[in-house]
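Below: the structure, in structure tokens.
The values are calculated or read from the model by the stated rules, or taken from the named source; none is laboratory data. The structure presented is a predicted model; accordingly, all values stated were derived computationally and were not measured. Cβ: placed from backbone, ideal geometry, glycine included. Neighbour counts: every protein chain shown. Heavy atoms of the whole protein, side chains included, go into the accessibility calculation; ligands, DNA and RNA do not. Shrake-Rupley method; radii C 1.70, N 1.55, O 1.52, S 1.80 Å.
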There are 2 protein chains.
Amino acid sequence: MQISIELDSDSQQSLQNQVFESIREQILTGNLKSGMMMPSTRLLNEQLGVSRNTIIHAYDRLIAEGYLFSKKTVGTFVNPNLPDVSLRLMREVSSNTIQQTKYSEEQIYKRQPVAFQGRVQALFNPHRDQLDVDFWVGRPDPKSFPINIWRQLTIKNLAHSGSSMTEYHDPAGIYDLRNAIAEHLRPARGINCNPEQIIIVSGIQEALNVVSRVLIKQDTSAVMECPCYQGAAYVLESYGAKLHPVPVDNEGLDVSQLPDKETALAYVTPSHQYPLGATLSLERRLRLLDWARDTGAYILEDDYDSDFRHQGSPLTAVAGQDKYGYVIYMGTFSKSIGAALRMGYMVMPEELVEPARTAKALMDNGHAWLDQAVMMEFITSGAYLKHLRCIRRTYLSRRDCLIEELQNNFGDVQLSGLEGGMHLVWHLPESLPEAKEVQQIAQDAGVGIYSLPAAAAHDFGKKGYRERALLFGYSSTTEEKIRYGIARIAAALK
Amino acid sequence: MQISIELDSDSQQSLQNQVFESIREQILTGNLKSGMMMPSTRLLNEQLGVSRNTIIHAYDRLIAEGYLFSKKTVGTFVNPNLPDVSLRLMREVSSNTIQQTKYSEEQIYKRQPVAFQGRVQALFNPHRDQLDVDFWVGRPDPKSFPINIWRQLTIKNLAHSGSSMTEYHDPAGIYDLRNAIAEHLRPARGINCNPEQIIIVSGIQEALNVVSRVLIKQDTSAVMECPCYQGAAYVLESYGAKLHPVPVDNEGLDVSQLPDKETALAYVTPSHQYPLGATLSLERRLRLLDWARDTGAYILEDDYDSDFRHQGSPLTAVAGQDKYGYVIYMGTFSKSIGAALRMGYMVMPEELVEPARTAKALMDNGHAWLDQAVMMEFITSGAYLKHLRCIRRTYLSRRDCLIEELQNNFGDVQLSGLEGGMHLVWHLPESLPEAKEVQQIAQDAGVGIYSLPAAAAHDFGKKGYRERALLFGYSSTTEEKIRYGIARIAAALK
């Protein structure tokens, strides 16, 4: 017998693939009936005019996958055991691949419901490519990435990697890196911890997931700063937490409004409140620690951009002021080195180390080895501190330039968040329109500046800052661009 | 007045730090009273015999952190606003750092409960360093990692990285890599998909988390192979899934035992069932797809080691046989390149793409950029296919060597899982003790072989395979070591 196979010599598919697909399709649509004998490879080779090996390999694959079976010295047959239902169902659709045909009405079958309808935080301005100057928040200077040292350390570690690249490692991270971070945290943030308390994560976002898995159940109460970082609010909420917003003023979280009721944790950004920029005062830090002790709540300290302190010495982290192990500390290299590294760490109170390590293991079996090895040497060699000193100077100059330009163009501006970090907040004067409108005018003029909702801040629908606050990230913008950008905004607003 | 500060010139801490810490401690313990005036820096400099700058910097930090405040031309004072409760509490503990003192009875305060008590999967033999030969499962040959190409591509991509290292990228992964994977999957696994359907994850473990977040609620039913991979069972269970085990025989999952009731998903390993090694027959694949259509359940296809097919041609994945979008496909580079890379991918049915992308974004803001860029070129340059061809040959020889040695030493052994992958299963003859005992005897002889529970397999407490099956991973062990290891086991068992 002859079977109908059309080959297209211009197709991107190999001839063998075309033969395979065509026969497979005809079996599934019932053109080639269960149990029927197939033409010999020699016959098909003559019929199609392609090499016999092509046919043999196509048959081999069809046999391997179970569409055909061969009886020695007898021949090759269509598998008689294929289930009828499948065949009938397969027949209903054309042989078009799934992404070419949107499901028609009748092709939409029963589906299990999606359990999850989370919201996603903004990571960058979706229009960033159309901007001349972008004051997006929390971006390191693109020229600051330590390419040379990174290359050198990568080459070195790759060379003697051996099984390090092929095997799994401790899901909590390689010990030497955790040790290097513990050593770094002591002088840098006043935190005294063991390497065992440190878990390497892919950034604070993953750390928030680890904490959520360990502490959050449906309707667990969690205190949030209001306004706060979107990514934190959305992830805690996605695990079922009931968020309890507590207002922020110019000293940071208003600790007098902390709730009396049972609360699993309070998420705070004491070094440089996100988004408003306040540094939490010592008095409030101590009261926050008191509250934790009274209620048993954990303090979730997000120390995202504390490496940049522009006024005075670096502050001790709340975790460094905590003697009882109430603080879960989260640090990141996203701001100090680069977000695309996806590396950070968390310091867990002792009783949470094991659950957190388990959660991290179940989440992704731990962090990539090479980056950990490179980071470890980057820190222990002193290159990290040198890198920090260098970009701290750059960011300080840029901050000063931005303040000056805002003053030059808009007079006595009301600013907050100046003491540290990578962004500041301009509280708009009444003479100017609302933040959203100013943002749009600036964007139309090619300059990205951001009202709270646009800058990945979450305000629980509360009025106030949303209307009057604009965020300016200055760390990734040269002074020339800062001057140009602010002048453009001033011109556009006139 | 004089205050008491003891300095230790042999300490690792700087003198400035010692002055800072000592004053801070004395404020918190109440030795230095709220509101009292501090000695001038000149006085303290004379008293302690350290440079005045040291004192000035320590004071600056104490002022910056809010312990002290200074009135112009008057002097420096202890902050009178520090909360009493904290001071009183601080007084209760010694100044020892937290990790040096285990909490005493009275120091254990109220804590929020841990919501999570997950189980952790085994990633390697904890005694691996004491073994001469380790047949642990799923480990790539440590010498196979493509160091040279990896270095070359890393250097190239780092050189022109610019903002790529400092910025966030698409949380679903960089488009070019997703495109390269889509192109690879078409011929390699028969899967037709768009790059948009692909999400880059840090491995199948993370993919399982994304799926769990999207589809699992408390008590959602999930079909599992029995026995199955521990990491899958434990993670689904940790999200609240009710696991429904369905037995596996030598054709893979027994599809006739799939439940009629509402089920969110069925987790399967069709290419090379983990742990038993069966390849799911075509008939069963089609019946599985029928079942998915009837019940609306998703099929969660874990294709962990499908790159290694030792008999016949590579099989089309179930995702390639699915015309209706019921299959969530998960692939990994952990087995084909190296587990320490922590990179894999998932192909989502269209209606799950957005929820999965959101879940991934909330989980960790996406994968590290550099590894993605390198992997993209590794695939598109053809180096990946070349690498696969090369290690496929190595693993086939090792498999054959292992089979031969088992036969030479133990006669007519009953083996399964030979058609592909990186491990096989020896079903012990009745003349030998139980798997756990044989494993222990081998381990005492310096050879790692694994019964199901030891090899990260989960059998839901069901009897059968646990007692009689032993897993041998052969991919990371040289033929010389295979011969030596099997001989050692044979000798030890005599």
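Numbers below:
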quantity	calculated
Shortest-first nm distances, residue A:194 label point to equivalent points in other copies (7 Å, Cα→Cβ)	5.1
Share of Cα-Cα pairs in the stretch A:327-438 lying beyond 21 Å, as whole percent	58 percent
Dipole of the protein assembly as shown [Lys/Arg +1, Asp/Glu -1 at C-beta], most positive-end residue of A:13, B:416, B:297	A:13
Accessible solvent surface per residue of the stretch B:145-385, calculated while the other protein chains remain in place, 1.4 angstrom probe, Å²	25 Å²
The stretch B:148-163 versus the stretch B:305-334: alpha-carbon centroid distance in Å	31 Å
Size of charge dipole - the protein assembly as shown - debye, nearest 20, with Cβ of Lys, Arg +1 and Asp, Glu -1, no other charges	760 debye
Of B:143/B:481; B:261/B:463; A:323/B:110; B:335/B:481, those spanning more than 22 Å from alpha-carbon to alpha-carbon	B:261/B:463
Hull shadow area, averaged, the protein assembly as shown [alpha-carbon convex hull, nm²]	44.5 nm²
Where A:394, A:269 fall by accessible area, highest first, once all protein chains stay in place (1.4 Å)	A:394, A:269
Inter-centroid distance (Cα atoms) of the stretch B:354-393 relative to the stretch B:437-492, Å	32 Å
Cα-based equivalent ellipsoid of chain A: semi-axis lengths in Å, sorted from largest, via gyration tensor	56, 29, 25
Per-residue SASA entry for residue B:476, accessible area with 1.4 Å probe, Å² rounded to 10	20 Å²
DSSP-defined antiparallel bridges as percent of all bridges, chain B, nearest 5	60 percent
Listed residues B:69, B:308 arranged by accessible area, highest first, probe 1.4 Å	B:69, B:308
Minimum Cβ-to-axis distance in chain A for the rotation onto chain B, with residue, whole Å	A:154, 3
Exposure ranking of B:206, B:183, B:351 by accessible area [1.4 Å probe, largest first]	B:183, B:351, B:206
Solvent accessible area, Å² - residue B:289, 1.4 Å probe, full protein context	10 Å²
Magnitude of the charge dipole, the stretch B:145-385, Cβ model with Lys/Arg +1 and Asp/Glu -1, debye to 20	380 debye
Protein accessible surface hidden between A and B, which excludes ligands and nucleic acids, total in Å², probe 1.4 Å	11900 Å²
Ellipticity estimate at 222 nm from DSSP helix runs (n ≥ 4, -39,500 (n - 2.57)) divided over chain A, nearest 500	-12500 deg cm²/dmol
Cβ-vector label at 7 Å, residue B:35, separations to other copies in nm	10.3
Cα long-axis angle, helix A:383-410 against chain A (0 to 90 degrees, to the nearest 10)	70 degrees
Approximate spin-label separation residue B:388-residue B:494, in nm, with each point projected 7 Å along Cα-to-Cβ	4.4 nm
Positive-pole candidate from A:317, A:153, A:246, dipole of the stretch A:145-385, charges at beta carbon	A:153
Radius 13 Å from Cβ of residue B:492, net charge of other residues (Lys, Arg +1; Asp, Glu -1)	-1
Farthest toward positive dipole pole in the stretch A:184-340 [+1 Lys/Arg, -1 Asp/Glu at C-beta], among A:187, A:306, A:224	A:187
C-alpha long axis of helix B:52-64 to longest principal axis of chain B, angle in °	70 degrees
Radius 11 Å from Cβ of residue A:112, net charge of other residues (Lys, Arg +1; Asp, Glu -1)	+1
Net charge, residue A:38 excluded, C-beta distance under 13 Å - Lys, Arg +1, Asp, Glu -1	+3
Distances in nm from residue A:156 to the matching label points in the other copies, shortest first (labels 7 Å along Cα to Cβ)	2.6
